[in-house]
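Since the structure comes first, as C-alpha cells, the remarks are kept for the end.
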Amino acid sequence: MLTVEHVTKTFSGTTVLRDVNLTFEQGVYGLLAPNGAGKSTLMKMLATLLFPTDGSIRWNGEDIIAMDDRYRGLLGYLPQEFGYYPNYTPRQFLRYIAALQGVRRARADKRIEKLLGLVGLADAADKKMKTFSGGMIQRVGIAQALIAEPQLLILDEPTAGLDPKERVRFRNIIHDLAADRIVILSTHIVSDLETIAGKIIMLKNAQVLRCDTPATICGELEGHVWEVPGGMPLGDGRKLLSEVQYGTETRQRIYSPAPLAAADAITPVVPNLEDAFLMIYGE
Amino acid sequence: MRPIDDAPGGRIPYPDKAERDASVAMIVTRGMPARMRLVDSVAELVRSAGLRSLFFGVWDCVFLGCLAAACVWGLLAAGADGFMQRDSAAQGRLMILMFLASPFLYEFVHLLIMLRERERRTLDLWRVCRWSFHRLAAVRMLAFGAASVTADTMGCVVVSALSGRRLPVLTMLGVSFASLFLFALGQLAVDARCAWPASAAVMPVAWLAAGGAAWAFSDRVAGMMERLPAAVSLGIAAALAVAFLYALRRYMNVPASRRAEAFA
C-alpha cells in the first residue's frame with residue numbers, strides 16, 4: 001500500500017501541490033487534470049525524483065525516501081519524456097535497465113523475451129530504436145518499467161503521441177498488469193482512463209478535488225447532460241461542454257442544472273468522464 | 001541489575017549504567033547501516049551491473065574524450081623541444097602547462113557524458129533504478145580517474161622524451177597527478193552543491209582563471225615548480241588522491257534525503 005500523507009510541494013514560493021492525501025492499493029488509478037495542474041510533480045514525488053516540501057509518502061508505512069534502493073527496487077517508472085539511445089536495440093537497452101535494477105543476466109534475458117512479446121516488439125527486438133515509431137518507443141518504455149517485476153508502476157502521460165490503435169493496445173496491456181500491482185497513470189486524455197481506471201484522482205488549484213470511481217464521478221451528472229441542436233441559445237445556468245458532429249449536422253452537448261423540456265431535437269445523454277472533466281475544469 | 005525498593009509488590013530489577021550503555025550500543029550497531037568501503041561498493045555494482053554497463057550509451061563520449069586528451073598531450077609533446085629552447089625557466093613553465101592539462105581527459109569525458117544524458121533525457125530513468133545514480137556516477141568517476149592517470153603518465157613520459165632534456169619524470173608525474181586529483185576533488189564538491197548547468201562550468205572556469213594567474217606570474221611559479229622535489233610532488237599527489245577517494249565514498253553513500261532533486 002502506498003500512502004501520500006499531507007504532502008505539499010512548493011517551487012520558488014509557488015505551491016504546486018497542497019496537503020495532498022491519497023491511498024493506493026492494488027488496481028489502476030488515473031491521475032486526471034489539465035496541463036500544469038501538478039500531475040507530473042506528484043508522479044515524480046512518487047518516483048522519488050522530487051521530495052515533498054512537507055508531508056511524507058509511505059510504502060507499507062515506511063517513508064519511501066528513507067527506503068532508498070529498496071523502494072526503487074519495487075518501482076517501475078515511465079517518465080513523461082522517455083529517454084533512450086537510438087543506436088541500441090530494445091534488447092540491449094532492456095538488458096542495461098535490468099542490470100541497473102539488479103536483475104541477473106539469465107533471468108533478465110527470459111524476462112526481456114516475455115516483455116517484448118507482451119508489448120508486441122518481439123520481431124523488432126534486435127532492430128535499432130532509431131528506426132522505431134513513437135508508439136514503438138513508448139512500448140519499449142513500458143517494457144523497461146516492467147523489467148524488475150515491480151509492485152508499483154508509475155506511468156506519466158504514457159499515451160501522449162500515440163495513435164488510437166496504439167492507445168487501445170496500451171490499455172489492454174495495463175488492464176492485464178493491474179491484477180496484482182498498483183498502477184498509477186497520469187494523463188489529460190480522458191478516454192484512456194474511462195475503461196481501465198478503477199479510481200480517478202482529479203487535481204485542481206493544487207489540491208485533490210476528487211478521488212472516486214469513474215461511475216460515481218459521472219453519476220453526479222446523471223440527468224444533467226443533454227444533446228441539443230447546434231446554435232441553440234443556452235440560457236441561464238447551462239454550460240456548453242462540447243460540440244458533436246453527426247454527418248453535416250452539428251449538435252451541442254450541454255450541462256443543464258434543471259431538466260430540459262422534451263423535444264425532438266433535445267435528447268438526454270449518458271454523461272461520460274469527458275463531460276465531468278469539462279464541467280470541473282472548463283471556464 | 002540493582003533493584004528499586006519503592007515498587008509495589010516488591011523489588012523491580014532495573015538495569016544499571018553499564019547494562020544501559022551496552023543495550024544502547026547494541027541498538028545503534030544493529031540499527032545504523034554498515035559503512036561500506038569504497039572498494040566494496042564499487043565491486044558490488046560492477047558484479048551486479050557488469051563492467052560494460054557502466055558506460056552503456058556513452059562509449060562514444062569516452063572515445064571522443066580520449067581522442068581530445070591525446071591531442072592535448074600531443075600538442076604539449078610536440079612543442080616541448082621548441083619550448084625548452086626558448087628560455088631558462090622553460091621547464092617550470094612546461095610543468096605549469098602540464099598541471100593545467102592533466103585533468104582534461106577526466107573533465108571532458110565527464111562533461112560529454114552529462115551533456116549526452118541530458119540531451120537524450122535519460123537521467124530521470126537512471127535516477128529511479130535500484131542502483132543509485134550517485135553510485136553509478138562515482139564508479140564512472142573512478143574509471144575516468146584511472147584513465148586520466150594512465151594518460152597523464154604516458155603524456156609525461158612522452159613529453160620528457162621529446163623535450164630534448166632530462167626532465168624530472170617523477171616530479172612531472174607528481175605535478176600531473178596532484179592536478180588531476182585536485183580538479184576531481186573540486187568537481188565532486190561542485191556536483192554536490194551546485195545544480196546543472198552551473199556545476200558544469202564552475203570548475204573549468206576556476207581552473208582556467210587559476211591557470212591564467214599562474215601564467216601571469218610564471219616567472220615565480222616556474223621557479224617553484226623547477227625546485228619542487230619529486231618526493232614532495234608525489235606526496236602531495238598521494239594526499240590528494242586519498243582525499244578524492246574519501247570524498248568519492250561519501251558521495252556514493254549520500255543518503256537519499258540529501259540528494260539533489262531531479263530537474264522538475
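Structure notes:
- Scanning the stretch A:29-47 for residues that are open to solvent by 10 Å² or more (accessible area, probe 1.4 Å) and either over 19 Å from A:I201 (Cβ atoms) or of a type in the set (G, A, S) (or both) yields A:G36, A:A37, A:S40.
- Condition broken by A:D236, with the remaining ones in (1) more than 22 Å from A:L22 (Cα to Cα); (2) of a type outside the set (S, T, Y); (3) surrounded by 13 or more Cβ atoms within 10 Å (Cβ to Cβ) satisfied: (3)
- So A:E149, is it touching a Lys or Arg at 6+ places or on another chain (Cβ under 8 Å) and among the charged types (D, E, K, R): yes
- Qualifying residues in the stretch A:128-146 (those that are modelled with pLDDT under 95 and not in a helix (DSSP H, G or I)) - the one farthest from the other protein chains (Cβ to nearest Cβ): A:S133
- From the list B:C66, B:C61, B:C71, the one residue that fits, being touching a residue at least 60 places away in the same chain (Cβ under 8 Å) and not aliphatic (A, V, I, L, M), is B:C66.
- Lone unmet requirement of (1) more than 18 Å from B:F133 (Cβ to Cβ); (2) open to solvent by 40 Å² or more (accessible area, probe 1.4 Å); (3) of a type outside the set (G, A, S) for A:E81: (1)
- Per-region count, the stretch A:239-266, residues more than 30 Å from A:I201 (Cβ to Cβ) and surrounded by 13 or more Cβ atoms within 10 Å (Cβ to Cβ): 3
- In the stretch A:157-211, the residues that are farther than 27 Å from A:L115 by Cβ, part of a loop (DSSP other than H, G, I, E, B) and in contact with a strand residue (DSSP E or B) (Cβ under 6 Å, 6 or more places away or on another chain): A:A206
- Those strands (runs of 3 or more DSSP E) lying entirely in the stretch A:1-120 with at least 3 residues away from every other protein chain (no Cβ under 14 Å) and of a type in the set (A, V, I, L, M): A:2-11, A:27-32
- Hits in the stretch A:236-283 - residues which are among the β-branched types (V, I, T) and part of a strand (DSSP E or B): A:V244, A:T250, A:I254, A:I266, A:T267
- Flag if B:L123 is in contact with an Asp or Glu (Cβ under 6 Å, 6 or more places away or on another chain) and within 14 Å of chain A (Cβ to nearest Cβ): yes
- Selection from the stretch B:236-257 of residues that are over 17 Å from the mean Cα position of the chain (by Cα) and either more than 14 Å from chain A (Cβ to nearest Cβ) or not in a helix (DSSP H, G or I) (or both): B:P255
The values are calculated or read from the model by the stated rules, or taken from the named source; none is laboratory data. Here the structure is a predicted model, which means the values were calculated and not measured. With ideal geometry, Cβ positions are generated from the backbone for all residues, glycine too; neighbour counts draw on all protein chains shown. Heads up: the accessible areas ignore ligands, DNA and RNA and are worked out on the full protein's heavy atoms, side chains in. Shrake-Rupley method; radii C 1.70, N 1.55, O 1.52, S 1.80 Å.
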